[in-house]
Amino acid sequence: NAGVTQTPKFRILKIGQSMTLQCAQDMNHNYMYWYRQDPGMGLKLIYYSVGAGITDKGEVPNGYNVSRSTTEDFPLRLELAAPSQTSVYFCASRRGTPFSNQPQHFGDGTRLSIL
Amino acid sequence: AQKITQTQPGMFVQEKEAVTLDCTYDTSDPSYGLFWYKQPSSGEMIFLIYQGSYDQQNATEGRYSLNFQKARKSANLVISASQLGDSAMYFCAMREDSGGSNYKLTFGKGTLLTVNP
């Protein structure tokens with residue numbers, strides 16, 4: 001019962017470094033999402049994907065890039081890390097059934113600090 | 001304007017008592033869904049309950065129920081018989097169905113619930 005798997009769980013980056021946050025799901029879900037959660041706040045959508053090869057921007061996409069080459073994987077790339085990107089990052093997925101009660105399933109998060 | 005408003009930053013409840021966590025939402029979409037998630041101190045997001053805008057009855061899942069008042073645009077979470085393990089952050093979220101929303105969720109800022117023994 002892996003569900004949504006995020007790696008790494010923790011990471012410290014220096015300003016200007018780049019890294020990729022990995023996200024994989026084994027539920028054959030079409031829809032995948034990346035959120036960030038700043039301290040004391042709700043989740044904000046960074047990017048999402050409705051299927052392999054299709055991605056789109058969410059509410060806060062600046063400073064990030066994504067790709068979706070397979071149904072299972074949805075990596076998030078940070079280029080030129082900035083202190084403002086210090087946050088907890090969540091990946092989520094859901095089935096593509098329209099207008100149903102299907103929730104988004106979340107990974108355990110990646111805690112990222114930019115120093 | 002915020003789409004999801006949770007006006008209670010923190011709430012306290014005695015063990016075994018019921019507690020209501022407030023959520024109001026703002027949408028002009030006739031079709032939408034409302035979700036509640038629980039985030040314990042360990043950080044994971046746990047789905048609790050769902051209410052669709054066309055559902056005639058309030059949703060229930062075990063000790064969780066959703067008090068859905070469509071005209072008031074509120075979707076309050078009721079937890080009955082609180083347990084110590086209910087201490088967590090609770091988030092209300094909305095999915096709007098029109099305009100190719102692709103099932104994106106908009107989250108509120110959350111309510112931190114503390115259950116006292």
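Can you work out which of the residues in the range A:31-48 that are more than 8 Å from every other protein chain (Cβ to nearest Cβ) and surrounded by fewer than 22 Cβ atoms within 10 Å (Cβ to Cβ) is modelled with the highest pLDDT?
A:38
Residues are listed down the side, and each one gets a yes or a no for (1) charged (D, E, K, R); (2) under 12 Å from the mean Cα position of the chain (by Cα); (3) within 28 Å of residue A:55 (Cα to Cα):
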position: B:17; (1), (2), (3): yes, no, no
position: B:28; (1), (2), (3): no, no, yes
position: B:46; (1), (2), (3): no, yes, yes
position: B:74; (1), (2), (3): no, yes, no
position: B:103; (1), (2), (3): no, no, yes
position: B:116; (1), (2), (3): no, no, no
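Which condition number does residue A:96 fail, the rest of (1) facing chain B (nearest Cβ under 9 Å); (2) among the small types (Gly, Ala, Ser); (3) in contact with a Gly (Cβ under 7 Å, 6 or more places away or on another chain) being met?
(3)
Return the residues of the range A:49-76 that are closer than 13 Å to residue A:87 by Cβ, open to solvent by less than 40 Å² (accessible area, probe 1.4 Å) and aliphatic (A, V, I, L, M); say none if nothing qualifies.
A:76
Restricting attention to the range B:14-48, which residues are among the β-branched types (Val, Ile, Thr), open to solvent by 20 Å² or more (accessible area, probe 1.4 Å) and under 16 Å from residue B:67 (Cα atoms)? Lay out the reasoning, then the answer.
The first filter runs over the range B:14-48 and keeps only residues among the β-branched types (Val, Ile, Thr), leaving B:19-20, B:24, B:27, B:46.
From what is left, the residues that are open to solvent by 20 Å² or more (accessible area, probe 1.4 Å) are B:20, B:24, B:46.
Result: B:20, B:24.
Please work out if residue A:71 is within 15 Å of residue A:50 (Cα to Cα) and either among the hydroxyl-bearing types (Ser, Thr, Tyr) or under 16 Å from the mean Cα position of the chain (by Cα) (or both). Write out each step before concluding.
Working: within 15 Å of residue A:50 (Cα to Cα): yes; either among the hydroxyl-bearing types (Ser, Thr, Tyr) or under 16 Å from the mean Cα position of the chain (by Cα) (or both): yes.
So residue A:71 passes the test.
Name the single residue, out of those in the range B:53-90 being within 16 Å of residue B:22 (Cα to Cα) and basic (Lys, Arg), that is most open to solvent (accessible area, probe 1.4 Å).
B:72
The values are calculated or read from the model by the stated rules, or taken from the named source; none is laboratory data. All values derive from a computational prediction rather than experimental measurement. We place every Cβ from the backbone using ideal geometry, glycine too, and count neighbours over all the protein chains shown. Side chains are part of the model used for accessible areas, which takes the heavy atoms of the whole protein and leaves out ligands, DNA and RNA. Shrake-Rupley method; radii C 1.70, N 1.55, O 1.52, S 1.80 Å.
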